[in-house]
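Reading through the structure tokens given below for one structure.
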Amino acid sequence: MRENGLKCRRKATFHTVTTNSKHSLEKYQNLRQDPEKKEMPTIVGDVTYFDIKGKNHYCAHLLDLTNREPIGLAISDRLNAELVCSALTMAIKSRGSLHGYIHHTDSDVRYCSSDYIRILKKSGAEISMCVGDAYENAHSESFNGVLKRQEINLNQYSSKEEAAKSIFSFVDRYINYRPHSSLGMLTPAEFRKKNLASS
């Protein structure tokens, strides 16, 4: 199989919970349900997990819904605020500022942490959260599914560094070579370039 460039699809497992919404930190209302904010550009985020040699590792992402581009990505063997803060910092660098965006995630304790909220408020984004309903964050769930099916479940990483290199490479291809029907069959990179040229 290896000689022919084929990979064995690993069996998916569903025993790890990555969301902890039962905490006393401040939660924010779901702005995506506000008709007055319906047209605002939105960034959505979530965390998924994968296994390396019997140990859970985690991938946090932030996705710009305007062009379906993953603009923030972080990988760690620890599920903590530092993980999501790293993805957020990358997203801010990608866009320069998040002013004028809605930032939408679940109400997990890491997204509600003081460090994350401080960075987010400084970025200028409006904070939005869903409470326990995955359908309120369907685009992030969908991206996680693509990442799992087309990258993570097709590989057996030997280290966090190898996983990060492979996942970041997949995301680069996703941005530059994967057309989306919702974007008129343009790639995220093509759609953003087109929008910037016309603005």
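The values are calculated or read from the model by the stated rules, or taken from the named source; none is laboratory data. Remember, predicted model here, so these are calculated numbers, not experimental data. Note that each Cβ is placed from the backbone with ideal geometry, even for glycine, and that neighbours are counted across all protein chains shown. The accessibility values were calculated without ligands, DNA or RNA, using every heavy atom of the protein model including side chains. Shrake-Rupley method; radii C 1.70, N 1.55, O 1.52, S 1.80 Å.
Got a number for the accessible area of D51? Probe 1.4 Å, square angstrom, nearest 10.
60
Shape of segment 29-119 from its Cα gyration tensor (a ≥ b ≥ c, root eigenvalues): rounded if a/c is under 1.5, otherwise prolate when a/b > b/c, or oblate?
Numbers: a/c = 1.93, a/b = 1.79, b/c = 1.08.
Because a/c hits 1.5 or more and a/b exceeds b/c, segment 29-119 counts as prolate.
Say the dipole of the chain comes from +1 at the beta carbon of Lys and Arg and -1 at that of Asp and Glu; which of P179, N155, Q33 then lies farthest toward its positive end?
N155
Of the residues G96, G45, G145, which exhibits the maximal mean-square fluctuation in a Gaussian network model of the chain defined by a 10 Å Cα contact cut-off?
G96
Counting heavy atoms of the protein chains only and a 1.4 Å probe, report the per residue accessible area for the chain as a whole number of Å².
Numbers: 11150 Å² over 199 residues.
Each residue of the chain exposes 56 Å² on average to a 1.4 Å probe.
Going down the list K165/K194; K93/K121; K121/K165; K55/K165, which pairs span over 25 Å between their C-alpha atoms?
Working: K165/K194 29 Å; K93/K121 15 Å; K121/K165 30 Å; K55/K165 18 Å.
Flagged as over cut-off: K165/K194; K121/K165.
Order R149, R192 by their accessible area, 1.4 angstrom probe, all chains in place, largest first.
Sorted descending by solvent-accessible area, the residues read R149, R192.
Can you compute the charge dipole magnitude of segment 68-199 about its Cα centre, using +1 on each Lys and Arg Cβ and -1 on each Asp and Glu Cβ, nothing else charged? Give it in debye, rounded to the nearest 20.
For this selection, approximately 480 debye.
Let me check against my output: what whole-number percent is the relative contact order of segment 83-174, with C-alpha pairs under 8 Å and at least 6 apart?
So the answer I get is 24 percent.
How much length would be gained if the chain were fully extended between S199 and K160, taking 0.36 nm per residue of separation minus their Cα-Cα distance, in nm to one decimal?
Length difference between fully extended and current span is 10.0 nm.
Out of the total accessible area of the chain (probe 1.4 Å, heavy atoms of protein only), what percent is carbon and sulfur?
About 51 percent, which is the carbon plus sulfur part of the accessible surface.
Can you give the relative contact order of the chain as a percent, counting alpha carbon pairs under 8 Å and 6+ residues apart?
Worked out over the chain, it gives 23 percent.
Name the long-range amide H neighbours of T66: under 5 Å, sequence gap of 5 or more, or other chain; modelled H, no Pro or chain starts.
T42
Helix-only mean residue ellipticity at 222 nm, the chain, DSSP H runs n ≥ 4 weighted -39,500 (n - 2.57), per residue, nearest 500. What is it?
-10500 deg cm²/dmol
Using DSSP, restrict attention to beta bridges with both residues in the chain and report what percent are antiparallel, rounded to the nearest 5.
Bridges in the chain are about 70 percent antiparallel.
Put a dot 7 Å past each Cα toward the Cβ at K121 and H180; how far apart are the dots in nm?
3.0
Go ahead and set up a Gaussian network model of the chain, Cα springs under 10 Å, then flag whichever of M90, M40, M185 fluctuates most.
Evaluated over the chain, the most mobile residue of the options is M185.
On a C-alpha basis, how far is the centre of segment 54-122 from the centre of segment 152-199 in Å? Whole number, if you could?
A separation of 17 Å, based on Cα centres.
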